[in-house]
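Below: one structure, written as structure tokens.
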Amino acid sequence: MTDDFFHMTSHRPYLLRALVEWINDNQLTPHILVDAGVPGVQVPPAAVNDGRVVLNIAERAVVQLMINNEMVSFSARFSGTSYPVQVPISAVLAVYARETGQGMALPDDIPGTEPAPTSDELLHEGETPSDDTPPDDRPPTTPPPKGRPTLRVVK
């Protein structure tokens, strides 16, 4: 089969849903690491640290969690105020269990796959994005707090 004939959708949302289910099945707390600089990310600015934000997506912490092929969305409380959160799948860098740190950094899409088009892309087909800058993949320079599990990305 050729590239012209056979295209697959992104595998990232499927991995994300599977890992969240696995973490929930083990009665642990799923968290996602998000690149807050990706267009379409809607999180409280105060929650962003070094261009990234860690979000607790446990059922007890959010309302109306939805993970579809293009977006993670829910409502959550930040400093006592309810806030709608939207995260494009492309902005999710990793998913892990808070208690153990076990999880996975989501890999880039496999060549030959196409990310699902967002509703904005469908409306503005043919336009180029305003920001072509790749996300900053450098690890944070500050050490993680002691006593809490952390996720270490190994390349």
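The values are calculated or read from the model by the stated rules, or taken from the named source; none is laboratory data. Keep in mind that this is a model prediction, so the values were computed, not measured. So basically every Cβ, Gly included, is an ideal-geometry build from the backbone, and we count neighbours across all protein chains shown. When the accessible area is computed, the model is the full protein with side chains, heavy atoms only, and any ligands, DNA or RNA have been set aside. Shrake-Rupley method; radii C 1.70, N 1.55, O 1.52, S 1.80 Å.
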Kindly evaluate THR113 against the criterion of being surrounded by 10 or more Cβ atoms within 10 Å (Cβ to Cβ), under 22 Å from ALA18 (Cα atoms), in contact with a His (Cβ under 7 Å, 6 or more places away or on another chain) and at pLDDT below 95. yes
Those residues of the stretch 1-25 which are modelled with pLDDT of 95 or more and aromatic (Phe, Trp, Tyr) amount to TYR14, TRP22
In this structure, does ASP120 turn out to be open to solvent by 90 Å² or more (accessible area, probe 1.4 Å) and either closer than 30 Å to ASN26 by Cα or modelled with pLDDT under 50 (or both)? no
In the stretch 6-37, what residues are open to solvent by 40 Å² or more (accessible area, probe 1.4 Å) and in a helix (DSSP H, G or I)? TYR14, LEU15, ARG17, ALA18, GLU21, TRP22, ASN24, ASP25
Would you mind finding the one in THR100, THR133 that is open to solvent by less than 80 Å² (accessible area, probe 1.4 Å) and either modelled with pLDDT under 95 or in a loop (DSSP other than H, G, I, E, B) (or both)? THR100
Given (1) open to solvent by 10 Å² or more (accessible area, probe 1.4 Å); (2) touching a Pro at 6+ places or on another chain (Cβ under 9 Å); (3) free of Cβ contacts under 8 Å to residues at least 40 places away in the same chain, identify the lone condition not met by ASN69. (3)
For the stretch 42-54, indicate whether the set of residues that are within 23 Å of PRO107 (Cβ to Cβ), among the small types (Gly, Ala, Ser) and either buried (at least 17 other Cβ atoms within 10 Å of the Cβ) or touching a residue at least 40 places away in the same chain (Cβ under 8 Å) (or both) is non-empty. yes
